[in-house]
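Written below as structure tokens is the structure these notes are about.
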Amino acid sequence: MFTGLIREMAEVTGYADNRLTLRAKYRPKIGDSIAVNGVCLTVVALTSDGFTVELADETRAVIAMENLKGKVHIEPAMQMGDRFEGHIVQGHVDTVGTVTRIVRRTNGTDFFIAIEPKYLAYVIPKGSITIDGVSLTVNEVTDEGVRLTIIPHTLENTLFGTYRIGTRVNVETDLFARYVAHILEHRQKNQTSGWEAIEHMQALY
């Protein structure tokens, strides 16, 4: 589990045989989970100045692979006792969105990101969303996607400062919205009560 608060901007130094090698100050252990641009990946090797993670077939099919170069966001998985900030992030990318519009404002920048309609059902105005691993508040949900306001600090310390019209980004929708939607869908299909559906969901997870 992650929080969506970027801990470091690492640098990609190599990609071969579906393994991504990063230069980073953070020193993980073999088997640790690291979110790279919002994607939960497992550390499979350590190097003198960083580490290597492996990308499964399913992962490569879902994420914006073209962004795994240059600088990337990284966040180690939460540990018991860590301070909880941001929001609950699984590191499971739902879909890839596209930046369609960027509007500069006095104390922030609005980014409009197009998202497939079926995933917008899990996006709530003033709720949470994760873009390339960054925990953000949804300012507005439109028919095409979302409007996010990025403050100067975030713009300067994340990849948002490099995004342009047409940039593709990894999108993870809100965990609780997905759970609620799944419960309601299951309830309708099976005509069960709310508590029965919730008990079934607990058994699944």
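Through the Karplus equation 6.51 cos²θ - 1.76 cosθ + 1.60, θ set to phi - 60°, convert the phi angles of segment 46-63 into ³J(HN,Hα) values in whole Hz; use x for Gly and Pro.
Going residue by residue, I get 10, 10, 5, 10, x, 7, 10, 10, 10, 10, 6, 4, 4, 4, 5, 6, 9, 8 Hz, with x marking Gly and Pro.
Given labels modelled 7 Å from the Cα in the Cβ direction, how far is it in nm from GLU156 to ASP17?
Once both label points are built, they end up 4.3 nm from each other.
ALA35's amide H: which non-local residues (gap 5+, or another chain) put their own amide H closer than 5 Å, with H modeled 1.01 Å from N in plane and none for Pro or chain starts?
The answer is LEU41, GLU75, ALA77.
Considering all alpha-carbon pairs of segment 20-119, what whole percent are spaced by more than 17 angstrom?
Value for segment 20-119 (Cα pairs over 17 Å): 61 percent.
If you project the alpha carbons of segment 8-76 onto the principal axes, what extent comes out on each, in Å, largest first?
Taking max minus min along each principal axis of the Cα atoms, segment 8-76 gives 29, 22, 21 Å.
For segment 95-173, what is the convex hull (Cα atoms) projected area averaged across all directions, in square nanometres?
Its average projected convex-hull area is 4.5 nm².
Using the per-residue mean of other Cβ atoms lying within 10 Å as a proxy for protection, in what order, highest first, do the peptides 3-13, 157-167, 125-135 fall?
So the order, starting with the most tightly packed, is 125-135, 3-13, 157-167.
All of the numbers you see were taken from the coordinates with simple rules; none came from a lab. None of these values were measured; they are calculated from a predicted model. Cβ atoms come from the backbone with ideal geometry, glycine included; neighbour counts cover every protein chain shown.
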